[in-house]
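Below you will find the structure I want to go over with you.
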Amino acid sequence: MAITVYGIKNCNTMKKAFDKLGQMGVAYEFFDYKKQVLSAEQFAQFVAIFGEKVINKQGTTYRKLDDDQKAMIAKLGTADDLTAVHDIVKANQSVLKRPIILGGSEPVLGFDDEFYQTVFG
């Protein structure tokens with residue numbers, strides 16, 4: 001299965017991930033949130049794997065969301081909530097935690113040097 005890295009090219013955490021994957025000789029496809037729109041199916045897969053952790057609540061994009069949007073994200077769980085949160089994410093893809101990597105021996109959320117060594121080494 002091909003490895004896909006989801007994120008934003010100019011993010012510092014993404015740069016660390018790209019560097020580490022390059023050092024390890026890991027081939028991957030890159031899904032750039034700034035150039036592509038995440039489908040409802042992809043978002044549902046992220047939520048199924050990572051749950052609410054898929055949302056970066058520490059970032060400026062999340063902090064700029066209004067209280068109603070934050071309340072919808074907090075209720076992430078039902079199909080209706082998933083659709084509403086996906087609409088928020090489509091308009092604000094930077095709210096997703098980065099990187100998300102699928103297709104390796106296990107899914108990866110964020111960057112951890114040692115964990116990358118375990119998963120991709």
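Testing residue 58 on (1) at pLDDT below 95; (2) in contact with a Phe, Trp or Tyr (Cβ under 9 Å, 6 or more places away or on another chain); (3) in a loop (DSSP other than H, G, I, E, B), one condition comes back false. Which one is that?
Tallying (1) at pLDDT below 95; (2) in contact with a Phe, Trp or Tyr (Cβ under 9 Å, 6 or more places away or on another chain); (3) in a loop (DSSP other than H, G, I, E, B), residue 58 fails exactly one: (2).
Identify, by number, the condition in (1) among the hydrophobic types (A, V, I, L, M, F, W, C); (2) open to solvent by less than 30 Å² (accessible area, probe 1.4 Å); (3) at pLDDT below 95; (4) in contact with a strand residue (DSSP E or B) (Cβ under 8 Å, 6 or more places away or on another chain) that residue 82 doesn't meet.
Only one criterion is unmet by residue 82, namely (2).
If you go through segment 86-116 one residue at a time, how many are of a type outside the set (D, E, K, R), free of Cβ contacts under 8 Å to residues at least 24 places away in the same chain and either assigned to a helix (DSSP H, G or I) or open to solvent by 30 Å² or more (accessible area, probe 1.4 Å) (or both)?
Matching residues across segment 86-116 total 4.
Please work out if residue 76 is at pLDDT below 95, touching a Gly at 6+ places or on another chain (Cβ under 8 Å) and over 21 Å from residue 111 (Cβ atoms).
Yes, satisfied.
In the set 43, 31, which member is in a strand (DSSP E or B) and surrounded by 15 or more Cβ atoms within 10 Å (Cβ to Cβ)?
Going through 43, 31 in turn, just one is in a strand (DSSP E or B) and surrounded by 15 or more Cβ atoms within 10 Å (Cβ to Cβ): 31.
Scan segment 16-28 for residues that are basic (Lys, Arg) and either at pLDDT below 95 or open to solvent by 40 Å² or more (accessible area, probe 1.4 Å) (or both) and report the count. Steps first, please.
Taking segment 16-28 and keeping what is basic (Lys, Arg), we get 16, 20.
Subsequent filtering for residues that are either at pLDDT below 95 or open to solvent by 40 Å² or more (accessible area, probe 1.4 Å) (or both) retains 16.
Residues flagged as basic (Lys, Arg) and either at pLDDT below 95 or open to solvent by 40 Å² or more (accessible area, probe 1.4 Å) (or both) within segment 16-28 amount to 1.
Considering only residues that are β-branched (Val, Ile, Thr) and open to solvent by 70 Å² or more (accessible area, probe 1.4 Å), which ones fall in segment 50-77?
Within segment 50-77, just 60 meets the criteria.
The values are calculated or read from the model by the stated rules, or taken from the named source; none is laboratory data. What you are looking at is a predicted structure, and each value in this text was computed from that prediction instead of being measured. Note: ideal-geometry Cβ built from the backbone for every residue, glycine included; neighbour counts use all protein chains shown. Surface areas here come from the heavy atoms of the whole protein model, side chains and all, with no ligands, DNA or RNA. Shrake-Rupley method; radii C 1.70, N 1.55, O 1.52, S 1.80 Å.
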